[in-house]
Amino acid sequence: MFTANLFYFYAMATHLKNLSDFSHIKVPSGSPFRFGIVVASWNVAVTGKLFQGALDTLLKHGVAEENIIAVDVAGSYELIAGADLLLANKNLDAVICLGCVIQGETRHFDFICNAVASGLAQVGIKHTKPVIFGVLTTDNQEQALDRAGGKHGNKGDEAAITAIKIADLHLSLKKVND
C-alpha cells in the first residue's frame with residue numbers, strides 16, 4: 001500500500017510537474033515541535049520565496065510561531081555553520097536549510113553543492129537531529145524560480161513537510177522505546 005502511494009505520487013508529480021503537492025498524504029500536526037530555519041541571503045529573490053513557503057507550511061500544519069526560529073546566513077555554504085549553531089544553542093526538533101546555487105561558468109558550483117550536502121549531513125549526524133536539505137541546485141535563475149513557488153512548486157514547502165514528518169517519526173520512535 002505504501003509503495004503504491006509513493007508510485008502514485010511520483011507519477012502524478014512528474015505528470016503535473018508540481019512536486020510540492022502533498023494532498024495525497026497525511027501530514028501530522030506540527031504543534032508539538034520546534035523548528036529552526038536557516039536561509040541563505042545569496043539569491044534572495046529565490047531564497048525569500050523558499051523561506052515564505054516553509055514558514056507558511058509550518059504554520060498551516062500547527063507549528064506555533066514562537067516555535068520557529070529563523071536566521072539568515074550569507075550563502076549556501078554558510079548554511080552548515082548556521083544549522084550547527086542553531087542545534088548547539090537551541091532545543092529544536094529539526095532544522096530546515098534553504099539556499100540556492102545556480103550553475104555558473106566555473107566548477108565553483110560543484111564544489112559548493114557537494115560541500116553543502118555533505119556538511120549538512122554531518123551536522124545532522126553530530127547532533128542526532130534532522131537537518132533538511134532545501135537547497136536548489138539549478139542551471140539558471142528561471143529553473144530556480146520555477147522551484148520557489150513557480151510551476152514546479154516550492155521546495156520550501158517540501159522541506160517543511162519533510163521536517164514535520166521526520167520530527168513526528170522521531171517522536172513516535174521515542175514513544176516506542178519508553
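Go through (1) part of a helix (DSSP H, G or I); (2) open to solvent by 20 Å² or more (accessible area, probe 1.4 Å); (3) farther than 22 Å from V46 by Cβ one by one and return the number of the condition G124 breaks.
(2)
K129 fails exactly one of the following numbered conditions: (1) surrounded by fewer than 19 Cβ atoms within 10 Å (Cβ to Cβ); (2) charged (D, E, K, R); (3) under 20 Å from D168 (Cα atoms). What is the number of that condition?
Result: K129 passes all but (1).
Just to check your reading of the model, which residue among V135, V116 is under 16 Å from A83 (Cα atoms), assigned to a helix (DSSP H, G or I), β-branched (V, I, T) and within 15 Å of the chain's Cα centre (by Cα)?
V116 is the lone residue from the list that is under 16 Å from A83 (Cα atoms), assigned to a helix (DSSP H, G or I), β-branched (V, I, T) and within 15 Å of the chain's Cα centre (by Cα).
Taking the criterion of being closer than 21 Å to S29 by Cα and surrounded by fewer than 14 Cβ atoms within 10 Å (Cβ to Cβ), would at least one residue in the stretch 98-116 satisfy it?
Checking the stretch 98-116: not a single residue is closer than 21 Å to S29 by Cα and surrounded by fewer than 14 Cβ atoms within 10 Å (Cβ to Cβ).
If we keep just the residues of the stretch 20-47 that are open to solvent by less than 30 Å² (accessible area, probe 1.4 Å) and in a helix (DSSP H, G or I), which is farthest from A163 (Cα to Cα)?
Looking at residues that are open to solvent by less than 30 Å² (accessible area, probe 1.4 Å) and in a helix (DSSP H, G or I), I get V46.
Condition check: touching a strand residue (DSSP E or B) at 6+ places or on another chain (Cβ under 9 Å), open to solvent by 40 Å² or more (accessible area, probe 1.4 Å), aliphatic (A, V, I, L, M) and closer than 21 Å to G36 by Cα. Does A148 satisfy that?
Considered against the rule, which asks whether it is touching a strand residue (DSSP E or B) at 6+ places or on another chain (Cβ under 9 Å), open to solvent by 40 Å² or more (accessible area, probe 1.4 Å), aliphatic (A, V, I, L, M) and closer than 21 Å to G36 by Cα, A148 comes out as no.
Condition check: open to solvent by 70 Å² or more (accessible area, probe 1.4 Å), over 13 Å from the mean Cα position of the chain (by Cα) and touching a residue at least 40 places away in the same chain (Cβ under 8 Å). Does K175 satisfy that?
Here the answer is no, as K175 does not meet what is asked.
Pick from G153, G134: which is touching a Ser or Thr at 6+ places or on another chain (Cβ under 6 Å), closer than 12 Å to G53 by Cβ and buried (at least 20 other Cβ atoms within 10 Å of the Cβ)?
Only one candidate passes the filter, namely G153.
Inside the stretch 56-86, can you point out the residues that are in a helix (DSSP H, G or I), open to solvent by less than 70 Å² (accessible area, probe 1.4 Å) and either touching a Phe, Trp or Tyr at 6+ places or on another chain (Cβ under 9 Å) or touching a residue at least 24 places away in the same chain (Cβ under 8 Å) (or both)?
Residues satisfying the conditions are T57, L58, N67, S76, L79, I80, G82, A83, D84, L86.
Any idea which residue in the stretch 87-97 is most open to solvent (accessible area, probe 1.4 Å), counting only those that are part of a loop (DSSP other than H, G, I, E, B) and in contact with a Gly (Cβ under 8 Å, 6 or more places away or on another chain)?
Here the residue is K90.
The values are calculated or read from the model by the stated rules, or taken from the named source; none is laboratory data. Quantities reported herein were computed from a predicted structural model and do not represent experimental measurements. Every residue, glycine as well, gets a Cβ built from its backbone with ideal geometry; the counts of neighbours run over all protein chains shown. Protein only, heavy atoms only, side chains kept; ligands, DNA and RNA dropped before computing areas. Shrake-Rupley method; radii C 1.70, N 1.55, O 1.52, S 1.80 Å.
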